[in-house]
1. Per residue of the chain, what 222 nm ellipticity follows from adding -39500 (n - 2.57) for every DSSP H run with n ≥ 4, rounded to the nearest 500?
2. For a quick check of understanding: with a 1.4 angstrom probe and all protein chains in place, what accessible area in square angstrom does residue 62 have, to the nearest ten?
3. Helix by helix, which DSSP H runs in the chain go 20 Å or more along their axis at the Cα atoms and have an average Kyte-Doolittle hydropathy of -1.0 or more?
4. Distance between the C-alpha centers of the range 43-74 and the range 101-128? Whole Å please.
5. Assuming 0.692 mPa s and 37 °C, estimate D for the range 1-85 with Stokes-Einstein, Rh taken as the Kirkwood radius over Cα pairs, in µm²/s.
6. Return the Cα extents of the chain along principal axes one, two and three, sorted largest first, each rounded to a whole Å.
7. Based on Cβ point charges of +1 for Lys and Arg and -1 for Asp and Glu, what charge dipole magnitude is obtained for the chain about its Cα centre, in debye rounded to the nearest 20?
8. According to a simple spin-label model (label point 7 Å from Cα along Cα-to-Cβ), what is the distance in nm between residue 117 and residue 74?
Amino acid sequence: MPDSPPEMRRILFVCAGNTCRSPMAAAIAQELLGATVQVESAGISAVDGASAASDAIQTMRERGLDISAHRSRSLSTLNLRDFDLVVALTRTIAQDIRRGGVEPSRVAVLNVPDPYNKELDVYRATAAAIERGLQKLFDANREQPKRQ
């Protein structure tokens, strides 16, 4: 997937704590889309500065991706209007983002369960679900006509 979806230059992934799903999603998206797209992550209830969960780091390492330097940050520290697309990892988070004033057309949902405090195999399955969801999302965006 070398070409980025049309009009997507800055993407934000949002989960709860910003230590598992959203950093994994950001790393996978960056690999899929390449360097022409800026990918970031945050959490609805994140504590700023926490490292990624060790099983998330291990899962990404197994995929050849390094998220060991990741530090969590709260969604409240960001201006969501700065992003072309905000990808929520649950429907509830997407609803919160929309209520916060983000235009619904700029919010997507992957709806991937939280692996926090579960076994490594659950993290692996989470990463696979994220990748499948991202491939569908990015392929769907490529098929849409460009907005004028």
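The values are calculated or read from the model by the stated rules, or taken from the named source; none is laboratory data. Everything numeric here is computed off the predicted structure, so don't read it as measured data. For neighbour counting, all protein chains shown are included, and Cβ atoms are generated from backbone atoms with ideal geometry for every residue, glycine included. Just so you know, the surface numbers come from the protein's heavy atoms only, side chains and all, with ligands and any DNA or RNA stripped out. Shrake-Rupley method; radii C 1.70, N 1.55, O 1.52, S 1.80 Å.
1. On the way: 4 runs with 55 residues, N = 148.
Value at 222 nm, helices only: -12000 deg cm²/dmol.
2. 90
3. 120-143
4. Computed from Cα coordinates, the inter-centre distance equals 13 Å.
5. Details: Rh = 12.9 Å.
For the chosen part, D equals 254 µm²/s.
6. Principal-axis extents of the chain (Cα, largest first): 45, 31, 23 Å.
7. Values: 19 positive and 18 negative charges, 75 e Å.
Using Cβ point charges on Lys, Arg, Asp and Glu, the chain gives about 360 debye.
8. About 2.2 nm separates the two model spin labels.
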